[in-house]
C-alpha cells in the first residue's frame, strides 16, 4: 500500500507501507509490524521513463509508437460500437530549405512552435503526434470526413498566418481520411498518406 505524506519540511513523499502480523506460539495475532519505504524518487523515475517512451523529446507531442496504440484503440471502438473517426496527416512544405538556409536550430524551433500552435487549436478529445521528421498526425475521434476536412482547412489557414522564429511564414500540406467500414489502421494510414502526397503534388498549402 502506498500513501502520500507531507514531511515536517513541507515536502511531499510517497511511502510504500508493508505490514506483517506478529503471532504468538499458539498462532494468535498479538501485533502488527509496520514498515515504510520512501519510493518517491523511484516513482518519479518510472513516470519519466513512461513519458519518454510515449512522447517526442523535441515537441513534447505523442510519438509514433503512442499514436499507433491510440489508433488501434480507436479502431477497435469503431468496430465495436459503430463510431466514426478521422485522421489528418500533414507536413511542413519545403522544410529542408528551412534547415539548409537557417540552420537546424531554427528548424527545431519551427517544429516546436508549430506543434504548440496546432495543439492549442485541437479539441480535448483529439490526439496529436509527431509522426516523423516534419510530419504530424492528428486523430479526430467522433469526426466524419466533412468535419475532418473543416478542421484540416482551419489548421492550414492558421499555420499560413502564423509568424515563426527565424523564418516568418511556413505552410503545410494536409491529407484527410475517415475510417471506412471494415478498414484496418494500415489501410487508413495508407489512404491518408496518399492524400497528403497528393496535396504536395497539387501545389502544396492545401487539403486533399
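Before moving on, here are some points about what is shown:
- Candidates are the residues of region 43-67 that are within 25 Å of residue 149 (Cα to Cα) and buried (at least 16 other Cβ atoms within 10 Å of the Cβ); the one that is farthest from the chain's Cα centre (by Cα) is 59.
- Among the candidates 147, 182, residue that is in the same structural domain as residue 59 (by TED's automatic domain parsing) and in a loop (DSSP other than H, G, I, E, B): 182
- Condition check for residue 13: over 30 Å from residue 114 (Cβ atoms) and either in contact with a helix residue (DSSP H, G or I) (Cβ under 7 Å, 6 or more places away or on another chain) or assigned to a loop (DSSP other than H, G, I, E, B) (or both): yes
- Answer from 49, 58, 14 - the residue that is touching a residue at least 24 places away in the same chain (Cβ under 8 Å) and more than 25 Å from residue 156 (Cβ to Cβ): 14
- Tallying residues that are outside any strand (DSSP E or B) and within 12 Å of residue 2 (Cα to Cα) within region 16-55 yields 3.
- Members of region 56-84 found to be in contact with a helix residue (DSSP H, G or I) (Cβ under 8 Å, 6 or more places away or on another chain), within 25 Å of residue 171 (Cα to Cα) and not in a loop (DSSP other than H, G, I, E, B), listed by number: 62
The values are calculated or read from the model by the stated rules, or taken from the named source; none is laboratory data. Note that this is a predicted model, so its numbers are computed, not measured. Cβ sites come from the backbone with ideal geometry, for glycine too, and all protein chains shown count toward neighbours.
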